[in-house]
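The block underneath contains the structure these notes are about, expressed in structure tokens.
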């Protein structure tokens with residue numbers, strides 16, 4: 001793997017040029033309560049370039065002398081390592097992670113001004129970490145104070161995502177292999193939930209099944225907090241309480257995916273707790289399914305995410321008109337967004353190391369064209385709230401979302417999560433298992 005990280009760093013160094021220097025601090029440790037920390041996850045950009053997952057570290061690419069890749073890390077500390085586990089330390093940063101130079105994190109402020117001296121452009125994200133912003137600005141000011149000695153300082157601060165996030169947007173074969181594994185583990189979790197969810201269980205029991213399957217499959221963690229919404233809770237887009245008792249006749253909406261080797265999956269399925277869709281549930285489900293299939297068909301190089309969304313809007317609006325939830329005709333219903341009370345979100349987002357992954361959605365003020373190597377989600381839905389007074393009573397409280405992870409290919413699109421049951425007959429068979 002180190003060869004992969006080295007290749008990525010080389011691409012960044014070529015992009016920023018000899019006049020540039022990039023500084024990336026690790027994700028900070030966050031206190032949960034008292035002296036207990038939240039589970040740590042490294043900053044995606046730092047991990048993408050190094051594979052280094054320890055906190056209290058900083059990556060510098062470019063800089064003075066031979067320091068093309070400098071890593072600041074926590075030093076080895078036998079006493080602390082008894083409590084927190086082994087550290088790479090300065091020697092490990094060089095020997096295991098390929099740093100050209102490595103220093104204890106305590107020396108960061110002293111060394112940082114040296115690394116940015118005589119650089120024109122500093123690639124650093126201002127505003128994300130205010131304490132580090134202050135340290136960075138002090139370093140710039142320190143270099144500027146030596147101007148009479150003939151040195152120069154960065155006069156441009158550039159968002160590092162302009163280089164790094166464009167790289168991350170296009171997935172390599174190695175990245176896709178990790179994503180496929182994350183998706184395969186998540187597939188097992190969804191199928192397990194379909195087979196074992198029955199009336200009388202609680203949503204948190206289903207969540208426990210998902211999390212256990214993720215870990216049993218080798219995933220480090222969920223890619224996001226699982227959404228397990230039964231009955232009317234399925235109409236709440238980011239429902240997370242997961243504490244309701246499943247009732248006979250409920251639909252159960254599960255939006256859950258795991259993370260494998262820092263790459264995320266993001267899958268949603270909706271299925272009947274009792275094993276069979278009611279007529280009204282099936283009607284809404286089939287509309288969402290048609291919308292999703294139309295949007296997947298629209299996913300191809302040259303199309304935009306707006307094009308993908310437009311297909312879902314068209315099919316869903318047409319279906320809502322047919323059910324009497326929206327007033328026609330179709331063209332004016334779409335133009336006036338009469339579908340919005342029931343389909344209020346966009347259809348797609350980028351997927352990768354982050355669930356809502358990096359990459360510009362617009363270029364030069366226009367929606368960006370999709371290109372091979374991008375991975376997106378396709379996730380239309382219909383949500384008829386319990387208190388939707390304008391909706392026919394038989395549809396109130398029904399929420400359906402179907403979400404797949406889709407790779408843009410040269411030919412069109414590949415549904416990476418196609419193995420997760422989705423057709424109504426497949427869903428009912430999985431529930432019966």
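The one condition from (1) closer than 16 Å to residue 178 by Cα; (2) in contact with a strand residue (DSSP E or B) (Cβ under 8 Å, 6 or more places away or on another chain) that residue 243 does not meet is (1).
Every condition in (1) within 22 Å of the chain's Cα centre (by Cα); (2) more than 17 Å from residue 285 (Cα to Cα); (3) not in a strand (DSSP E or B) is met by residue 376 except one, and the failing one is (3). Every condition in (1) loosely packed, with under 13 Cβ neighbours inside 10 Å; (2) in contact (Cβ under 8 Å) with a residue 40 or more places away in the chain holds for residue 110 except the one numbered (2).
With respect to the conditions (1) at positive phi; (2) touching a helix residue (DSSP H, G or I) at 6+ places or on another chain (Cβ under 6 Å), residue 218 lacks only one, and its number is (2). Scanning segment 93-132 for residues that are more than 18 Å from residue 71 (Cα to Cα) and within 31 Å of the chain's Cα centre (by Cα) yields 121, 126, 127, 128, 129, 130, 131.
Going residue by residue through segment 351-359, is there one that turns out to be touching a helix residue (DSSP H, G or I) at 6+ places or on another chain (Cβ under 8 Å), assigned to a strand (DSSP E or B) and under 25 Å from residue 316 (Cα atoms)? The answer is no; no qualifying residue exists.
The set of residues in segment 228-251 being crowded, with 24+ Cβ neighbours inside 10 Å and part of a strand (DSSP E or B) consists of 228, 229, 230, 251.
Scanning segment 305-350 for residues that are under 25 Å from the mean Cα position of the chain (by Cα) and more than 12 Å from residue 381 (Cα to Cα) gives 305, 306, 307, 308, 310, 311, 349, 350.
Selection of segment 384-433 for residues being part of a loop (DSSP other than H, G, I, E, B) and over 21 Å from residue 283 (Cβ atoms) yields 409, 410, 411, 412, 416, 417, 418, 419, 420, 433. In this structure, does residue 115 turn out to be touching a residue at least 40 places away in the same chain (Cβ under 8 Å) and not assigned by TED's automatic domain parsing to the domain that holds residue 20? No; evaluated as a whole, the condition is false for this residue. The set of residues in segment 139-153 that are assigned to a helix (DSSP H, G or I) and surrounded by 13 or more Cβ atoms within 10 Å (Cβ to Cβ) comprises 139, 140, 142, 143, 144.
One residue alone among 409, 424 is farther than 13 Å from residue 234 by Cβ, over 23 Å from the mean Cα position of the chain (by Cα) and in contact (Cβ under 8 Å) with a residue 24 or more places away in the chain, and that residue is 424. When 121, 74 are screened for being surrounded by fewer than 23 Cβ atoms within 10 Å (Cβ to Cβ), more than 22 Å from residue 28 (Cα to Cα) and at pLDDT 95 or above, only 121 passes.
For segment 200-224, the set of residues classified as more than 18 Å from residue 241 (Cα to Cα) and surrounded by fewer than 16 Cβ atoms within 10 Å (Cβ to Cβ) consists of 212, 215, 216, 218, 221, listed by residue number. Number of residues in segment 154-182 that are in a loop (DSSP other than H, G, I, E, B) and closer than 25 Å to residue 219 by Cβ: the value is 3.
When segment 195-227 is filtered for residues that are more than 24 Å from the chain's Cα centre (by Cα) and assigned to a helix (DSSP H, G or I), the ones remaining, listed by number, are 195, 196, 205.
The values are calculated or read from the model by the stated rules, or taken from the named source; none is laboratory data. As the structure is a computational prediction, the values presented were derived from the model and not from experiment. When we count neighbours, we look across all protein chains shown, and the Cβ atoms used for this are built from the backbone with ideal geometry, even at glycine.
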